[in-house]
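Working notes, beginning with the structure itself.
No value in this document is a laboratory result; all are computed from the given coordinates. Keep in mind the model is a prediction, meaning the values are calculated, not measured. No Cβ is skipped: glycine too gets one built from the backbone with ideal geometry, and neighbour counts run over all protein chains shown.
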Amino acid sequence: MSTNPNFPSVKAAVLEALRNKDLEPIVEALDAIAAVGAGYLEMQSGSLSPLFPALPHDLVAVRLVDYYEGGEDPHPPTKGTQRPIFRGTVDGLLDGMDFPPPGDAVRAALTSLALGAWDENAEKALKAWIAGYIVSLYGAGLD
């Protein structure tokens, strides 16, 4: 799926974090979460990386799995009513990317990550931004 050099180690860390929570997502969802993590680590590299070292892969994986779980089973339940808004944003952004459009399982996983990362009490206006950030990290994690 991904040619990103961080992808294999992030995928292993995500799988371990999922198993620690007794979650077994389908392979496409696991790959999507790992691609977002690899993209996050990719975005952290650059000229300032010696001053601001990247987070360990296992910490990135644990945070992403927390977001995924929070989006799959949102609390409070009113947060779940926002899933169609997040899904529409994720779908629109993915359809505009210049790589083959992913299937429904990847889109659902990215939607869950975005929904889980959103704090409905503090970030009401940031729905599209959060979904856009998750999709951009996914894109960065693919190459």
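With only the Cα atoms considered, the chain has a convex hull volume of 113 Å³ per residue.
Placing pseudo-labels 7 Å out from each Cα toward the beta carbon at Asp104 and His75 gives an inter-label distance of 2.9 nm. Each Cα pair under 8 Å and six or more residues apart adds its separation to the average, and for the chain the resulting relative contact order is 37 percent. Once both labels are positioned 7 Å from their Cα atoms along Cα-to-Cβ, the gap between Trp129 and Arg19 label points is 3.8 nm. Here the simple spin-label model places points 7 Å from the Cα toward Cβ, and for Leu59 and Val27 these points are separated by 3.2 nm.
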